[in-house]
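Note sheet for the following structure.
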Amino acid sequence: MTVTRFAPSPTGFLHVGNLRTALFNYMIARKSGGTFILRLDDTDPERSKQEYADAIKEDLEWLGLTWDRVEKQSDRLERYADAADQMRASGRLYEAFETPTELDLKRKKQLNMGRPPVYDRAALALTDADKTRLRAERSPHWRFLLNHQRIEWTDGILGDISIDAASVSDPVLIRGDGQVLYTIASVVDDTDMGVTHVVRGSDHVTNTATQIQIIQALDGKVPEFAHHSLLTGPQGEALSKRLGTLALRDLRARGVQPMALLSHMARLGSSDPIELCTSLDELIEGFDLSHFGAAPTKFDEADLFPLTARYLAGLPLEAVAEQLAAIGVPQDLAPAFWAAVRENITVLDDMKDWWQLFSKGAQPVIADEDREFVAQAFAMLPPKPYDANTWANWTKAVKEATGRKGRGLFMPLRLALTGRAKGPEMADVMPLLQVLPKLA
């Protein structure tokens, strides 16, 4: 059975980069009838917060990305300790004592000599007496001993990958303060939980190489790996500095609809055109991981709003009835109001402005050369209530009385009644006007 996981750290809010990873893993699991695990990588006690864990669940629920079960790494620390003991016993986990400053000096020296900044394994040369002396001064960190051979796999997006393990530092799995790091915790979890497919960002490629050897050292089964491209800004600039403004909760607050966001992210960076889907099932049916490429992918949040507008335009009245009532639209006017504005809003909040216009009256916009014409036309307005024929009958009468026609007839009257040059058909507007604007 296919098993995937989304493993965010509860150290901040989810952003569009996280969403891409979550969505891909979700769709792979659902398309095959498998299991999708939400795993909170919360082994960092200083930065992990319950408020962020709750926010992650809230954002995923808003999008409809439901999980089959939740796991917390902080509940599995004993299991990681057992795995570490197993690797110590097999000689694959060793103590190292360098301080961050000492490691930084080593890296700088290697770079100055034109060498890659790979850990020199000096800790392996320490005698038992050396280790005893150093333990009295500081707590050791623990590194995984890589076999210096090529690590190869066929990536679901990048194709055949081959990395020389000698070009990579032995990864630190446990810090000097005892904190278990992502590299070992993720491997142990993936192995124990039967994860079959791991999709994540291309910045994890080297990490995947080392994790493959750790999986093998623990006698686990290596899952299928795929690394999607990283997102950039619309001009190719690094997105990392802007991710704070691209949190999912911020996009939600700005009115982006879940299916607009999901439709965009499910095709962005692939050979498939971005098309608005109306359900997750439709989105999943058209998903194919092999259609994605390795090149950095440009993301512009502005693209989410036309999709949101199209999504809203297709909603039935029942889907927005609660929001209409909340802004004060009477139940008897709700069908006509929604029919009029549904194709004239970008986000649901835009309905407020239209209802304000219809219920309180607009600030008329009248050009100097049109003042006399507008005054004459308003004097010819029939008494309320207005219906769907009012606009046509009124403008016909005004045309006959003034000789105006076409844009010269219609636009000054639209601007005077609504204060806007664009909007719903005026035949639909007239029955909704509760208050006529006052001409200066």
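We did not get these values from a lab; they are worked out from the coordinates using the rules stated. Computed from a predicted structure; not experimentally measured. Every residue, glycine as well, gets a Cβ built from its backbone with ideal geometry; the counts of neighbours run over all protein chains shown.
Of note:
- Test: residue in the stretch 338-352 that is farther than 30 Å from Val256 by Cα and buried (at least 16 other Cβ atoms within 10 Å of the Cβ): no
- Of the residues examined, Ala319 is one that is surrounded by fewer than 17 Cβ atoms within 10 Å (Cβ to Cβ) and closer than 30 Å to Asn18 by Cβ.
- Qualifying positions in the stretch 342-362 - under 26 Å from the mean Cα position of the chain (by Cα) and basic (Lys, Arg): Arg342
- Residue count for the stretch 186-223, restricted to those that are crowded, with 16+ Cβ neighbours inside 10 Å and basic (Lys, Arg): 1
- For the stretch 164-185, the set of residues classified as within 13 Å of Ala209 (Cα to Cα) and either small (Gly, Ala, Ser) or surrounded by fewer than 18 Cβ atoms within 10 Å (Cβ to Cβ) (or both) consists of Asp164, Ala165, Ala166, Ser167, Ser169, Thr183, listed by residue number.
- Per-region count, the stretch 298-322, residues out of contact with any helix residue (DSSP H, G or I) (no Cβ under 7 Å at 6 or more places or on another chain) and either closer than 19 Å to Phe358 by Cβ or assigned to a helix (DSSP H, G or I) (or both): 10
- Within the option set Leu158, Leu145, being in contact with a Lys or Arg (Cβ under 8 Å, 6 or more places away or on another chain) and either among the hydrophobic types (A, V, I, L, M, F, W, C) or buried (at least 18 other Cβ atoms within 10 Å of the Cβ) (or both) holds for one residue only, Leu145.
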